1. Run the paramagnetic zone check for Ile147: 7 angstrom along Cα to Cβ, then residues of segment 103-126 with backbone nitrogen under 12 Å.
2. Taking all protein chains in place and a 1.4 Å probe, what share, in percent, of the accessible surface of segment 59-158 do carbon and sulfur account for?
3. Considering only protein heavy atoms, with the full assembly of protein chains and a 1.4 angstrom probe, order Trp133, Trp62 by accessible area, largest first.
4. Would you kindly state how much longer the chain becomes between Lys95 and Arg42 on full extension, computed as 0.36 nm times their sequence separation minus their alpha carbon distance, in nm to one decimal?
5. Taking 0.36 nm per residue of separation and subtracting the Cα-Cα distance, what length does fully extending Lys116 through Thr158 add?
6. What accessible surface, in Å², does a 1.4 Å probe find on Leu127, ignoring ligands, DNA and RNA and rounding to the nearest 10?
7. For Met144, Met153, Met49, give me the order by solvent-accessible area with a 1.4 Å probe, most accessible first, ignoring ligands, DNA and RNA.
Amino acid sequence: MVLGSFDTDPKKGVLPLYVDSRVSVVTEEAKQWVAVTVLVFRGDRVLAMQRASAEAAGAGLWEGISGRVEADEDPLAAAGREVLEATLYNLEFWKHVSIPFVAGIIGWVTNWVAIKLTFKPLEFVGLRPFLGWQGIIPSKAGKMAEIFVDKTMFRLGT
């Protein structure tokens, strides 16, 4: 049954959202599975997940966050558990959420190292002239002092 529609990608247009309930025969007697579906709305959009293409039933279809209610479990608690499993307990979720934090740490470390290497070491370390390092400020100290003295003397003289 079509429950509603939502916008996924402007190129693809509007796709229908399907809700499916089934009865399956496990043994001699029919057994009914109790399931919950959570639809999370934000304005005119709804959070939905696309079923894997390897799924036997409904491959590639879009659905709300859903799952089975465990034995002796409150349906509201099952709905909360399913939302947590689909978001916070999902590795894909954390891969995307962690990107800004990892980038921030890498940027901070890179800047810290760059500032340290600007001033240190004071003396050249390595094999001259190409294999080694000296901080850019200490290596240019003589030239910087010369410019400073020339500009100071020029201003004092005028």
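The values are calculated or read from the model by the stated rules, or taken from the named source; none is laboratory data. The model shown is predicted, which means the values in this text are computed figures rather than measured ones. For neighbour counting, all protein chains shown are included, and Cβ atoms are generated from backbone atoms with ideal geometry for every residue, glycine included. Each accessible area value is taken on the protein alone, full model and side chains, heavy atoms only, with ligands, DNA and RNA left out. Shrake-Rupley method; radii C 1.70, N 1.55, O 1.52, S 1.80 Å.
1. None, by backbone N distance to the label point.
2. Working: 5720 of 8050 Å².
Carbon with sulfur: 71 percent of the solvent-accessible area.
3. Details: Trp133 120, Trp62 55 Å².
Sorted by accessible area, descending: Trp133, Trp62.
4. Values: separation 53, 0.36 × 53 = 19.08 nm, distance 2.25 nm.
So the chain would gain 16.8 nm between Lys95 and Arg42.
5. Details: separation 42, 0.36 × 42 = 15.12 nm, distance 3.84 nm.
Computed gain between Lys116 and Thr158 is 11.3 nm.
6. It works out to around 120 Å².
7. Details: Met144 95, Met153 120, Met49 65 Å².
Reading off the accessible areas and sorting them downward yields Met153, Met144, Met49.
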